[in-house]
Amino acid sequence: MEFECQRGTKIGLKDCSIDCVDYPCREKVDTSFFEPSKNPKSSIFDSEKQKSLWRLDGKGGSLSLKCEELLAVNEVLPDSRSITDLPPALISEILNCLEPKELGVVSCVNASLYRLASEHHVWKEFYCERWGQPILLAPLGAEHADEKSWKELFVEREFRSKTFMGRYSIDTLYGHTEAVRTVSVLSSKKLLFTSGYDQIVRMWDLEEGLSIASSRPLGCTIRAVAADSRLLIAGGTDGFIHGWRAEDGNPHLFDLRSPQNQNMEFRVWEHEGPITCLALDLNKMYSGSWDMSIRVWDRSSLKCLKVLMHNDWVWSLAPHDTTVASAAGSDLYVWDTNIGSELATISNVHAGNAFSLARSHTGKLLFSGGEDGAIRMFEISRNDKFHLRRVATWIPHSGAVYSLAFEFPWLVSASSDGKLSLIDVRKLLRTNRSYVMEKPSKVENRAIEPPQRMLHGFASNLFAVDVGLDRIVCAGEEGIVRIWNFSEALEIEQRVRALRGLRLENRMRRRKLQSEMTGKVSRADQCSVAAKKNQLNGDRNSWRNKRRVTGKQKA
C-alpha cells in the first residue's frame, strides 16, 4: 500500500540521501536518472524508469530499489501492519480517545480488536461517568448480573435509557391525606419514600406500587426526604432532621412502624427555620433551610461540620464530592464543603426564586428550575479558577418549576402547570475523550430544541419528581403519587431487538446459500465452456490432420 510522503521526509537529488526517521540510510545514486531527456519520445520511458526505481513505502518514506534491497537484508519488513502489533500501553491510550459508539465499531473489525475493545477499562469509566456505580438488577437475557462485563453493563443501561420515549402505564398510589411535597426513589432496593403536609413518611414498593410501611406523625410538614441503603432522613418545617438507620436482615431496610428506638432512630436540631432540602453522600448529610443556611453534617456522629450562609432563603442543594451547589432566592452558588468557602456565584439566574436543582454524576453539569418556568443548564469547570458557565435554556412550562431530577441522559421537570417535561441533553454534549465525558457546547436560546416529551394528565401544582431506571415518580397538591411505568416499552424493545436479530440471521443464511448456488452455477458454466473449447480445438486439429494426410497423398 502506498502513502503520501510526510513533511519530515527529505530527498536530495544529488546524493539521493533519505532523511527519514524510520530508515536513516544514505545511498549515492547516479543522477542521470533525474536529468530531463531531450528526446520527447524517450521522456515517457525515462519517467517510467524513474517510477520503477522509486516508490513510497508503508511508513511514509521514499526508498530506492537498491536501498530497499539493503534494508531487506538487514531487517524483515512486513507487507502489512496491524494495530495489534503495537505495544499494549499504546493501544490502551488509543482506545481511551474513542467514544462508546466508536469503540463499538472498532470491536466489529476482527476477533483480536473485539477482545481488546470489549475488555478495555474505559467501559467502566463510561458507565460511572453517566450513572455512578452500577445497580445489579435482573439482567436482560442473562442469568447472572455478576458475570457481566463493563461493556455489557453499559450497553444494557444505555438500552434501558431509551425506553422513556416508548409506551408507558400509570400506577396511582393512594395513602396521603394531604398534598405531597417530596418523593425519593431508591432504585437499588426498588423502594419509594414520600411525605408532605400530613406529616407522615410513607414507604412503597416501587415495582408493585404497594404501601409497605408508614411512620407515625412527625409533628410538622415534611418538605424534604433523602435515602440511601444505610440511612433515611426527613426534614420538617420545625427545623429538625428526623432519621432512621437501616436494620440488618430487614428486606425493606427501615422499620418505620416501631416506636422510637434511640439506636435506630434519631432527631437533630440546628436550623432556625423550615428545612426545604436534604441530600446524602458517603460520609455527610446536607440540609438547607429558610434560615438562609446550609449545614453539613457528619453521618456517624451527627455533628454539624460547616455552616454555609446565604443572602436569601435556601430552596435546593446538590452536592458532589467536596462541593455543593445551592439555590437561594434567585441566585446560584457553589461551595467548597471542606473549608466552607464560596467558589462561584451567579446572580439573578431566574426571574423570581430558583426553586430546584439537579446535578450530573460527574458533577460537571448543573441544572436549575425557577419561578419563571425556565430550566437552565450550567457547566462547572475548575482549572486555575472555579468557573460556572451558562450553556443552555429551555422554557417548557407556563408555571414555576418546583422539582428537577436527572438520570443520564434525561432531565425531568415538574411544574405548577401540572406537566412533566423530558429533555435529552445528549445533543448538547460535545464529547472529547481525555478522561472527560462531558464537554457541553454553548447554544443560543433560539436554537434549543423543545423537550423530547411532555407528560400530561394532572391537576395543577406538581411539587416533586424523581427518576428510576424505567420509572418516573411525581406527586403534588392532589395528595396522589403517580408512577409512570416504562417497563412495557422495555419489553417491547427487547422483542423488537430479538426479531431484528432473527431477521438478520435469516438474511445472512440466505446470502450464504445464494453465494453457494452462484458458485456452483459458475463452476458448471466454466466446465461447459471448457468442454466447448476442447471440442472446437479437437475439430480444428482433426481438420488440420486431414489436410496433412491429403497433402501427403498428393505428393
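Results, tabulated for the structure shown:
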item: The listed residue being acidic (Asp, Glu) and out of contact with any His (no Cβ under 7 Å at 6 or more places or on another chain), out of ASP321, ASP372; result: ASP321
item: Matching residues, the range 365-399, being among the aliphatic types (A, V, I, L, M) and in contact with a Leu (Cβ under 8 Å, 6 or more places away or on another chain); result: LEU366, ILE375, MET377, ILE380, LEU388, VAL391, ALA392
item: Subset of the range 351-362 (residues that are assigned to a loop (DSSP other than H, G, I, E, B) and of a type in the set (A, V, I, L, M)); result: ALA351
item: Check on THR322, touching a helix residue (DSSP H, G or I) at 6+ places or on another chain (Cβ under 9 Å), of a type outside the set (D, E, K, R) and open to solvent by 10 Å² or more (accessible area, probe 1.4 Å); result: no
item: LEU140 touching an Asp or Glu at 6+ places or on another chain (Cβ under 6 Å), modelled with pLDDT under 50, in a loop (DSSP other than H, G, I, E, B) and of a type outside the set (D, E, K, R); result: yes
item: The range 417-427 - residue that is open to solvent by 10 Å² or more (accessible area, probe 1.4 Å) and outside any strand (DSSP E or B) and, of those, farthest from CYS474 (Cα to Cα); result: LYS427
item: Among the residues listed as ALA414, ALA344, the single one being within 21 Å of GLY288 (Cα to Cα), open to solvent by 10 Å² or more (accessible area, probe 1.4 Å) and among the small types (Gly, Ala, Ser); result: ALA344
item: Every residue from the range 165-192 that is open to solvent by less than 60 Å² (accessible area, probe 1.4 Å), at pLDDT 85 or above and in contact with a helix residue (DSSP H, G or I) (Cβ under 8 Å, 6 or more places away or on another chain); result: SER169
item: Members of the range 218-235 that are buried (at least 22 other Cβ atoms within 10 Å of the Cβ) and either basic (Lys, Arg) or at positive phi (or both); result: ARG223
item: Residue count for the range 363-395, restricted to those that are open to solvent by 30 Å² or more (accessible area, probe 1.4 Å), within 23 Å of PHE164 (Cβ to Cβ) and not in a strand (DSSP E or B); result: 2
item: Options ARG446, ARG495, ARG482, ARG453: the member that is more than 30 Å from LEU173 (Cα to Cα) and either open to solvent by 90 Å² or more (accessible area, probe 1.4 Å) or modelled with pLDDT of 85 or more (or both); result: ARG446
item: Where a residue in the range 196-225 is in a strand (DSSP E or B) and its partner, wherever it lies, is among the aliphatic types (A, V, I, L, M) and open to solvent by 40 Å² or more (accessible area, probe 1.4 Å), with Cβ under 7 Å and at least six apart; result: TRP204/LEU210
item: Qualifying residue in the range 329-339 (condition: open to solvent by 40 Å² or more (accessible area, probe 1.4 Å), free of Cβ contacts under 8 Å to residues at least 60 places away in the same chain and under 24 Å from GLY132 (Cα atoms)); result: yes
item: Every pair of residues 6+ apart whose Cβ atoms lie under 9 Å, when the first sits in the range 253-265 and is touching a residue at least 60 places away in the same chain (Cβ under 8 Å) while the second is part of a loop (DSSP other than H, G, I, E, B) and surrounded by 11 or more Cβ atoms within 10 Å (Cβ to Cβ); result: LEU253/SER229; LEU253/ARG230; LEU253/ALA246; LEU253/GLU247
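The values are calculated or read from the model by the stated rules, or taken from the named source; none is laboratory data. Source: prediction; values computed, not measured. Here Cβ is always computed from backbone atoms with ideal geometry, including for glycine, and neighbour counts include all displayed protein chains. Side chains are part of the model used for accessible areas, which takes the heavy atoms of the whole protein and leaves out ligands, DNA and RNA. Shrake-Rupley method; radii C 1.70, N 1.55, O 1.52, S 1.80 Å.
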